[in-house]
Amino acid sequence: MSALSDEDKFLFDLRGFLVVKNVLSTDECEELIRLADDVWPRQPDDGPYRRFNGISAWGEPFVDLMDDDRLLPYLVELVGSRLRIDHDYCIFMREHAARHTLHGGPWRYESDHWYRYHDGMMRNGLTVATWNLTDAPPGAGGFVCVPGSHKSNFLQHMPRDVARFERAADWVVQPAMSAGDVLIFTEALIHGTAAWTAGHERRTLLYKYSPPHSTWAKAPYDPNDFPEATPRQRRLMAPPSVESHPPVLEER
């Protein structure tokens with residue numbers, strides 16, 4: 001048995017990302033939004049774009065997303081059973097929040113951004129699970145990417161004016177998503193954030209995972225900061241090492 005259907009495998013290999021539908025219920029999304037607002041209330045001088053690094057410090061419900069049983073099997077299949085959580089943050093965007101440039105791409109950072117396929121198995125470097133707490137309808141902005149670019153051989157030829165969103169290109173795609181959907185993508189995919197045009201606020205929580213030997217964050221998690229963490233969550237917080245990390249789940 002596989003967490004990924006045959007169609008999921010086809011689409012991830014083809015595009016470099018996968019949308020897992022309806023992982024969270026409407027009530028779960030609303031509760032996470034309420035908790036976020038309690039911990040990190042908007043201030044009068046906040047602009048339309050807000051980012052907070054380290055949302056796992058907001059309490060147990062945010063730590064529990066690290067190894068949610070509904071999503072972890074997908075990550076194990078794409079990164080490997082000895083994966084580790086590398087870092088986490090959120091992006092909140094109100095209408096007219098500015099765009100950021102396209103970035104990423106295979107081997108953009110040689111030890112971190114990569115995608116490989118061998119003998120029926122996909123493996124990725126730094127991989128992202130983006131939890132959508134609000135809808136991202138077509139044309140709303142937010143996450144955009146160049147599907148298939150995780151296998152590109154000509155990154156240096158990507159037009160700079162497209163990367164800076166100074167010129168539109170039909171090969172830059174914004175996947176439409178609903179509240180409760182989770183977008184999984186490899187950092188080997190060229191991706192970025194387009195200006196947010198919807199009337200409601202974009203609320204996304206991002207958890208990034210690495211193979212056991214690599215890291216993006218400058219400092220690993222300290223499990224002592226999470227006294228309520230489960231043994232599996234503490235295992236995911238293990239620092240990077242070439243030494244063996246016990247599997248968090250048996251691979252399928």
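Quick notes on this one:
- Euclidean distance between Cα centres, the range 1-46 to the range 142-161, Å: 23 Å
- For the pair Ala57 and Asp27, a Förster radius of 22 Å applied to the C-beta separation gives a FRET efficiency near 0.40, rounded to the nearest 0.05.
- Accessible surface for the range 160-252, divided over its residues, is 49 Å² per residue with a 1.4 Å probe.
- Size of electric dipole in the chain: Cβ of Lys, Arg +1 and of Asp, Glu -1, about Cα centre, debye, nearest 20: 880 debye
- For the chain, a Gaussian network of Cα nodes joined below 10 Å ranks Gly54, Gly104, Gly141 by mean-square fluctuation, and the top entry is Gly54.
- Accessible solvent surface per residue of the range 1-60, calculated while the other protein chains remain in place, 1.4 angstrom probe, Å²: 60 Å²
- For the chain, built as a Gaussian network whose Cα springs stay under 10 Å, the top-fluctuating residue of Asp112, Asp45, Asp69: Asp45
- The accessible surface of the chain, taken with every protein chain in place and a 1.4 Å probe, is 52 percent carbon and sulfur.
- Modelled label reach - Glu228, point 7 Å along Cα→Cβ, the range 32-55 residues with backbone N closer than 19 Å: 32-41, 54-55
- For the chain, the relative contact order is 32 percent, taking Cα pairs closer than 8 Å that sit 6 or more residues apart in sequence and dividing their mean separation by the residue count.
- Among His96, His113, His150: highest mean-square fluctuation, GNM of the chain, C-alpha pairs under 10 Å: His96
The values are calculated or read from the model by the stated rules, or taken from the named source; none is laboratory data. Computed from a predicted structure; not experimentally measured. Methodologically, a virtual Cβ is constructed for each residue, glycine included, from the backbone with ideal geometry; neighbour enumeration extends over all protein chains shown. Just so you know, the surface numbers come from the protein's heavy atoms only, side chains and all, with ligands and any DNA or RNA stripped out. Shrake-Rupley method; radii C 1.70, N 1.55, O 1.52, S 1.80 Å.
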